[in-house]
Each structure stands twice: as C-alpha cells, then as structure tokens.
Amino acid sequence: MSPIPKITVTLPDGAQMSVNTGTTAAEVAKSISDGLFKNSLAANVNGQLVDLYIPITADSKVEVITYKSPEAHDILLHSTSHVMAQAVKQLFPTAKVTIGPAIENRFYYDFDVEPPFTDEDLDKIEKRMQEIIAADIPVRREEYTRDELQKKFAAMGETYKVEIIESIADNEVLSVYTQGDFTDLCRGPHIPSTGKIKAFKLLNTAGAYWRGDSRNKMLTRIYGTAFPSEKELRKYLNFLEEAKRRDHRKIGKSLELFEINEQVGPGLVIWYPRGAMLLQIIKDYWIREHLERGYELVQTPHIGKSNLWETSGHLGFYREFMFDSMKIEGDEYFIKPMNCPFHIQVYKSKTRSYRDLPIKYAELGTVYRYELSGVLHGLMRVRGFTQDDAHIICTPEQLNEEIIKLVQFSFDYIRKFGFNEFEVFVATKPKDKYVGEPAKWEEATAALRYALDEINVEYALDEGGGAFYGPKIDIKIKDALNRSWQCTTIQFDFNLSERFKMEYIASDNEKHQPYMIHRAIMGSLERFVGVLIENTLGDFPVWLAPVQAAVIPISENQNEVAKQFHNRLIEKSIRTEFNSKNDTIGAKIREAELMKIPYMFIIGEREAQDCTVSIRRRKSGQKGVYDWEKAIAIIAAEIEKQ
RNA sequence: GCCACCAUAGCUCAGCUGGUAGAGCGGCUGAUUUGUAAUCAGCGGGUCGCGGGUUCGAUCCCUGCUGGUGGCUCCA
C-alpha cells in the first residue's frame, strides 16, 4: 500500500504544515487548537470561501474563517436562512422554497405558501429553529449534475428550484446542502452544523414578487437576522430601535413641522409654520450659494402643454410617472414632473453666443410625479416635491470643468448641513428606456468618470441606472446611523438640446449644439429635510432652527419686560417665541427643551430690574447672566457660524 | 399597483370572548406668582377612518373602500 501523498498548507501567518492530501480545513483548525476549531465556520482556501469539510487536495493557502472574520457574518446569515427554511418545511410541508440570501445585516427567505405567514407563525418558526439549532445537525455539501438535480427537486415538488437550475449557466458547478431532512440548492459555503448559530431573530414578513417582477407571483418573505453572539444581536436590534426613534415622521409631528393628510392626498406635504420656516432658511441659503457661483434664478409654471412634453420625450419615456393631463380651452396640459423644458425655453429666448456660456439657470421648482401608493414614505418618497434644480448649458470644452465644479459645489453645500460622508455612483445607460446613440452614452459616461478621476473622487458604477436622457453622477450621503440617502444627482443630457434644437454661435461663426447638464444638490427639499431630521433628531444647529430662542419670564410679573426683550430679538431677525403661559419656570423650560429650541432667555425679578437675561442653552444648561446687547451678540455669533 | 399588518379624543395609547367608550399629556377656567426639564383643582373634548352586511344589539364578526406601516430584481 502506497503512503498517502502529502500536501503543504500555508496559514495566514506564513506558517506551513505538511498534511495528508484530502485533509479538511476542519482538521487543520483542530490541529492548531481546539479553540480555533470550536469557533470555525468555514475556510478560505486559495482565496475561495469553502466549507470546513471540503477535502484539500493540493498545496494551498488556508485561512480558517471564525466568528470574528469579516466574511463570517454573511455565511452565518445565509446558514440561518437555511435553518429557517428547514423549520418552515417541517411546519408547513406544502410551502415551496425559492431563494434565501444574506443581505446587509439580515437575511430573508421567500416562500410560495398559502395562506401567507402571520406574526404568530413567525413565533412558531422561531421555536422550531431553536430546536434545529439545539440538535446541532451537520450541514453537508454535495455536487450533482444538472439532470440529477432537476429530477431531485422536481420529485420534491420544488418547482422554483427547478426553474432556478434552468437559469444557471452551464459552466457552473451545481451543489446542494443537506441538513437532516432538509435539502436546498445552494452555492454555499455554509456553517458545518446548525449548532454554530448563536443568536438570531426573525424580524418581519413581507410580500415579494418572484424574481422581483410584478408580473410574477407574490411570495411571502420572512426577514431575519443572526449574529455571532446575543450581545451583537441586541446591538443590532437597538440600532433598529434607534432608527425608529429618529423617524422623521414622528419627529416632524412632535416638532410641528409638517403633516401628510389623507384629506389632501397621499404623498402631498402640508408644511406647518415651523417646517415652512426651516424650508425657507434652506432656500435662502441655497439662493445665496448659487448667486455666488454665477447661477441665474428663473421661475417657471407648474403646468405646460402636451407638445412641450412630447418634444422633451417625457410623454414617450416618463409618462408612467406623470399625472393625467387636463384639458384647457381645447389644449392638453400636464403638471410638470421636471423643470427642464421650461429652462430650455429661457435659453432659447434669444440667440446665444459661446461668450455667454456656460449659462446656469437655477430654480426651486416644485414638480409632481405619480409614484405608486405603496412606495410613498413620509417626506422621503412623495408625489409633490421641490427640486433644487439647475441646468447648465455649456460648450463641449467646458463640460469637464463644469462637472468638477458641480461635484465640489455639492460636497461643500451638503457639508454645511453636517454630513461628511459620501458615496458616489456613476449610473450608466438603462437597458431599454433610453434615447440617443450608444456611442454618445459611452462618451458622456467617460466624461463623467474622467471628471471624478481628476479630482480624486472614488465612485462605484451603477450599471443601467442612468436617466432616459443620459448618464449621471449620484451622490449619496451617510447619516448618523450610517444609512445612506440619495441626494445629489448630476445628469448629463445630450437628448434635450437636440430635441429642442438648442444652439449657440461658436467662435467659427457657426451654429453648434450646446451640452446640457441637469443637476440637483439636495435632490428633493422634502427628502433632504427628512434626512436632516433623522440625522439631527430635530435638534437643528442654531442657524437652521425654525425657532432659535424662547423668551421665558419667570413669573407673570416679568411679562412686560420680557416682551420688550422679545421684541428686540425680532428686530435683530432672531426667530423667537415668547412664553407667557401661567406655568412654573420648570415647565416652561421643559417645553422649550422638548421643542428643541436651542436658546432660552430667562428673565426673573433680578434680570428685569437690571435689564439683563439669564441664558440657558438647550441640553447644556445655564450660561450666565448678560445684559441684553451682549446676550443678543452671543446668539448672533452662533448663528453666524452656520 | 401587489402581499401582510394597522386605523379609538388634538397627541400617545387602554378597552377580555359583541351590550353605543376610558387614561395620561395637550386645551380651557380658576387658584398659585413661581429661579432653570412637568404647581394644584375643576371643565370641556370621540357618529371608535368611511360605506354596506350579520345580529334584538357592532369599536369588537364579515365585506367593500380610503389612508397608513413593513416589504416587493442585493441571483440557488
């Protein structure tokens, strides 16, 4: 009998081991230490994630994946989704399994089941999962040919799996994972046994179309999460709680900023005085920043005749998002979903010379888009919203510089609101709905990428995510909970300038077609305010706070004097509120704290006599007693800081 | 739009298996005249989202609608 051939295994620290061929990563882990073996979930063999029990048959670099490895979480989540599917199949044998991947911090599994699961079902499933985990059932991989698998899953009645197998490329290895009575088509890798799952929770059910296509059957999805320890699970659940606490809909109500009312219509925002003030402050700032950068303000109607939208291509490519038309004196009018055709009209009002370019038209234009009722969400997704819109019309030579300026402008602008982390995407040509030659798309996309490269901005590609009229740069901002929100969009457009026959006279005295860029920095003011609320909990910096100060007399005896001070603040354009209620000082302060008013100016008997005020800063408390002018200077200085 | 869940006073919510509703906060009135996150007392306030049905009787059961919430191409 010939001796078993040896192979060399190289560990991450460079150490090498000579082992029998066919040794598994599990055995390697065990030979290093029992502790490592106990914590091992999978292995990375030559850069490839594999199961712990796959035999290694050649010299390899081997890294044992433990709970602490960055790759571990996805594997754990994915394996937990299999345990869930196993529990579901045991409890509901007629349910058909479909797909069940890991997503960020969570997993889901979609089932075709009648009737759909309820919350009580989730408890039952969770209990059964605990039993499966307690039984520590081994999870093993097997590979099969396409035919074998088709038959296998067809025999099991798992028609969705059969369909999936059909859609997998010929050259891929087909594998299944089996744990006890449950077998699932899966690429893996998976944990070696169900007992490796230490902490999990099922979160909620949801409907989801098979393959995400609304023409397909609606499946029942269960979301869940899993972590290496109870502690980490709790931390994640706390994060979800914190997100709830920051919900802009809740804060918007308690701070009296806005409402969305059934009587008015879904997705339509009613701004209360405080919310409208907040919006106005943002708008004022926005206008200042644009005028400083050479933009010109324009203002355009809310509706326009159908031929305008015909020419722009909106009726061809964007109709599904537009509200139905209205007939006026025999003509058909549409409510604008975008401002661009109007801005083009302004451009075309006279002959333009290359010396005039770039021309930059800016407008806080309110647009209306028909969004499906199911996707509406507070201020984040509405049907009527104000875009901080601008159109830059320039020569081809100017394009690069203009894009760079725009990206930098966006970063600078958004940083002012306390956001410092960005994700940048370049979105390319959509698969079906697009206008223009593919070659032009290529060229324009390259121009966007070139500009970003030039200023060293890292970005990811969003394939097929472009607008119908051109590729775009999208900037997402990260909030305090590390969630990202789409705000800035910089869209190249070679479609409209052609459709509307825009032109300028170049230095060669010939007519040329200009380039056009659409862009919005905040995107939608509504959404931006929503993000701002969630990021700050409604505790706005003083320059943004709709009410910057509360003037609070200690007793009614100081009402007269306090009112005078209040008037001084108003004269200085400080947004202030006078609390003359017959409440104790404690109650009046509490009220101001809850309404997140940053400054409180308190006047008692002593202050009334000396013409001073006691300053109290929200959250941090008393700041001392100052004469009126000094007190006003203090708050004014903080407002100035922006 | 589709699936599930939800809808009670201005707000937050309670109301067991059907017998026409309650609390706290806010509001109003009065007392108190307050020194840095809730003074006390009293009083109002609801066709229980809307429309049908079952029932002697519906906030509760059934059904239609409206609105809200969580989701709906992150490949086995």
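None of the figures in this text is laboratory data; all of them are computed from the coordinates on show. Treat the numbers as computed from the prediction; the structure is a model and nothing was measured. With ideal geometry, Cβ positions are generated from the backbone for all residues, glycine too; neighbour counts draw on all protein chains shown.
Once you divide the Cα radius of gyration of region A:305-429 by 2.2 N^0.38 Å, the number left is 1.27. With a simple spin-label model that places each label point 7 Å from the Cα along the Cα-to-Cβ direction, the separation between A:Phe323 and A:Asp13 comes to 6.8 nm. Amide H contacts of A:Asp388: A:Ile521, A:Met522, A:Gly523, A:Leu525, each under 5 Å away and 5 or more positions distant or on a separate chain (H built 1.01 Å from N in the peptide plane; Pro and chain starts excluded). Radius of gyration over Kirkwood radius for region A:85-213, both on Cα atoms: the Rg/Rh ratio is 0.94. Evaluated on region A:474-566, the Kirkwood hydrodynamic radius is 18.2 Å, with distances taken between all distinct Cα atoms. Using only Cα atoms and rounding to the nearest 10 degrees, what angle (0 to 90) does helix A:438-454 make with the longest principal axis of chain A? Orientation of helix A:438-454: about 80 degrees from the principal axis.
The angle between the Cα long axis of helix A:273-292 and the main principal axis of chain A comes to about 90°, on a 0 to 90 degree scale. Put the Cα centre of region A:54-107 next to the Cα centre of region A:294-333 and the gap is 51 Å. Charge dipole of chain A (Cα centre as origin; +1 on each Lys and Arg Cβ, -1 on each Asp and Glu Cβ, all else neutral): 1120 debye, rounded to the nearest 20. Distances between placed amide hydrogens fall under 5 Å for A:Ile191 paired with A:Ser79, all partners being 5 or more residues away or on another chain. Normalised radius of gyration (Cα atoms, divided by 2.2 N^0.38 Å) for region A:513-589: 1.71.
The alpha carbons of region A:58-146 stretch over 52, 34, 27 Å along the principal axes, in descending order.
Listed by chain and number, the lysines placed with their C-alpha closer than 18 angstrom to that of A:Lys336 are A:Lys305, A:Lys327; residues fewer than eight positions away on the same chain are left out.
What you get for region A:336-475, charging only the Cβ of Lys and Arg (+1) and of Asp and Glu (-1), is a dipole of about 740 debye around the Cα centre.
Between A:Glu126 and A:Ile570, the simple label model (points 7 Å from Cα in the Cβ direction) yields a spacing of 5.5 nm. In degrees, nearest 10, range 0 to 90: what is the angle between the Cα axis of helix A:585-594 and the longest Cα principal axis of chain A? Tilt relative to chain A: about 60 degrees. One chain, two ends: A:Lys235 and A:Glu454. Fully extended at 0.36 nm per residue, the span grows by 74.8 nm beyond their Cα-Cα distance.
The length gained by stretching the chain between A:Lys563 and A:Glu166 to full extension, at 0.36 nm per residue less their Cα-Cα distance, is 135.2 nm.
Computed on chain A, the Cα convex hull volume stands at 247 Å³ per residue.
Annotation for region A:137-210: GluC sites (Glu not before Pro) lying in DSSP loop with at most 16 further Cβ atoms inside 10 Å of their Cβ are A:Glu172. For region A:405-416, the Karplus equation 6.51 cos²θ - 1.76 cosθ + 1.60, evaluated at θ = phi - 60°, returns couplings of 4, 5, 5, 5, 4, 4, 4, 4, 4, 6, 4, 4 Hz by residue, with Gly and Pro reported as x.
If you plug the beta carbon distance of A:Glu503 and A:Tyr370 into 1/(1 + (r/R0)^6) with R0 = 30 Å, you get a FRET efficiency near 0.35.
Between amide H atoms placed 1.01 Å from N, distances below 5 Å from A:Tyr209 occur with A:Leu219, all of them 5 or more places distant or on a separate chain.
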